[in-house]
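A.B. asks: Dropping the structure in here first, questions after.
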Amino acid sequence: MKQLMRNVVAIAVAGGCAALAQAAATPEQISQIGKTYTPWGAEQAGNADGSIPAYTGPIKPPASYDPKNPGIRPDPFANEKPLFSISGQNMDQHAAKLTEGMQALLRKYPTFRMDVYPSHRTAAYPEYFQQNAIKNASECKTKNDELGLEGCYGGTPFPFPATGNEVMWNRLLKFDQFAFETRAFTTSLVDTRGSRTVTGVSSMQIQYPIFDPQRTGPIGDKEIYEMLRVDFLDPARKNGEKIVVHDSIDMVDQGRRAWQYLPGQRRVKLAPDIAYDTPSPTSGGVTTTDELAIFYGALDRYNFKLHGKKEMYIPYNTYKIRDPNVCPDTLAEGTKNHLNPDCMRWELHRVWVVEATLKEGQRHIYPRRMIYLDEDLYSVGISDNFDRAGQIYRVNHSLPITFYEGSGHMTDEAVTHDLATGAYHRQQNATMGGGWVVTAPRPDNYFSPAAMTGGGIR
């Protein structure tokens, strides 16, 4: 911590007035990192009544965690009981802390409820990420109508965001891990009758080159910040299919590059449709590609307005629903219209509130979206998505956990509720496939079209 504070003071002095011109943070804000604020810009203190605690650092693994089975993380809060439950009958008492979409779910489905537990701030960032976030407070800035970045390092780009786009950049460049993977994750669809269909079983590797702990320089303005590869294992009609996605810092000229290997054709083709409001490939039409994990992809189709910060109930520390010994998929997804409330955990946290409205001349099935992102974990929260009539269409929320055995998180698993049909879609669920594990980075060429061709089957 002493070294952290020495770095903070040096950056505040060096940044001086230049920081005012180039970044959201002022020297006064920067000087309060480690005191009033965490390195990633969250308020260090809890709230007035103590229902949101102060941030005190990462948690330790529970005694039941087995390092030999690292992807299965037992609930460190398994002995806690809900403080209270919110249902359609008492939701009005809690409406100020519920998104419009969550109120719609409570109102529409009598069986839906939110069990609210004590709040725990469990973010776990490595030291190099925190140091880079401090640098970003004075050096990182947007360009090209806030659709590009320059002078940024591999940490939270904007610890003190002043615009909606800056909050969304924090979401896109969120830290889960440098490299991690799962042997098998499941996507499933529960239709309006309550019938569950496994729409895909895949292995996945995700890598963030910008979070290489060995790198020292800033992120290039056209650099790839995320690479992922999906290898489909099931159902039989998709076995052998592969997808590779590269997301670039440059959203204007470079954007997303995606490729798909089709085993029936034995060839790789560009897949430009894996973006925006194209249905996610295994969602049964319930989730758009850019709705995955709250928001996923380029920012160019929306204007993002920042409405500040608010205390809200959001999913948090959802270890229970990820434990195959407690909530196997057949139990967690064995209910109609929504996940099993017995397997869910909700907590009170401070979130950034961002309103996305479609730009003139652009198209998307969601003309308006309200996005709520946690102050500690920018990819954790809720998105309410509206149709052209201004009604709630779909609600997406994350199912996050912290890798308490070290540092990092898994925040991409999420569920989308379609209020028009009553169906819901759960994505990137590795509960029954051994969970998510931290790995050594793979060579960049593993995430290439050529690698998909070489590894193709059938």
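A.B. asks: Of everything in the stretch 243-259, what is surrounded by 16 or more Cβ atoms within 10 Å (Cβ to Cβ) and touching a residue at least 60 places away in the same chain (Cβ under 8 Å)? Give them in sequence order.
C.D. replies: Those that are surrounded by 16 or more Cβ atoms within 10 Å (Cβ to Cβ) and touching a residue at least 60 places away in the same chain (Cβ under 8 Å): VAL244, HIS246, ASP247, ILE249, ASP250, MET251, TRP259.
A.B. asks: From the residues in the stretch 63-111 that are of a type in the set (Asp, Glu) and either touching an Asp or Glu at 6+ places or on another chain (Cβ under 8 Å) or not in a helix (DSSP H, G or I) (or both), which one is farthest from ILE314 (Cα to Cα)?
C.D. replies: Of everything passing the filter in the stretch 63-111, ASP66 is farthest from ILE314 (Cα to Cα).
A.B. asks: Just the residues that are more than 24 Å from the chain's Cα centre (by Cα) and within 17 Å of ARG121 (Cβ to Cβ), please, taken from the stretch 48-83.
C.D. replies: Correct list: ALA48, ASP49, GLY50, GLU80, LEU83.
A.B. asks: Does GLY41 qualify as being in contact (Cβ under 8 Å) with a residue 24 or more places away in the chain, touching a Leu at 6+ places or on another chain (Cβ under 9 Å) and on the phi > 0 side of the Ramachandran plot?
C.D. replies: When the stated conditions are applied, GLY41 does not pass them.
A.B. asks: So which residues in the stretch 231-242 are open to solvent by less than 30 Å² (accessible area, probe 1.4 Å) and among the small types (Gly, Ala, Ser), if there are any at all?
C.D. replies: GLY240
A.B. asks: Within the stretch 260-304, take every residue that is touching a His at 6+ places or on another chain (Cβ under 6 Å) and open to solvent by less than 40 Å² (accessible area, probe 1.4 Å) and give me the one that is modelled with the lowest pLDDT.
C.D. replies: SER283
A.B. asks: Picking from THR197, THR182, which residue would you name as being over 19 Å from the mean Cα position of the chain (by Cα) and of a type in the set (S, T, N, Q)?
C.D. replies: Every option except THR197 fails the conditions.
The values are calculated or read from the model by the stated rules, or taken from the named source; none is laboratory data. On a predicted model such as this, the values are computed, not experimentally measured, just so you know. No Cβ is skipped: glycine too gets one built from the backbone with ideal geometry, and neighbour counts run over all protein chains shown. Remember, those area values only see protein heavy atoms, side chains included, never the ligands or the DNA or RNA. Shrake-Rupley method; radii C 1.70, N 1.55, O 1.52, S 1.80 Å.
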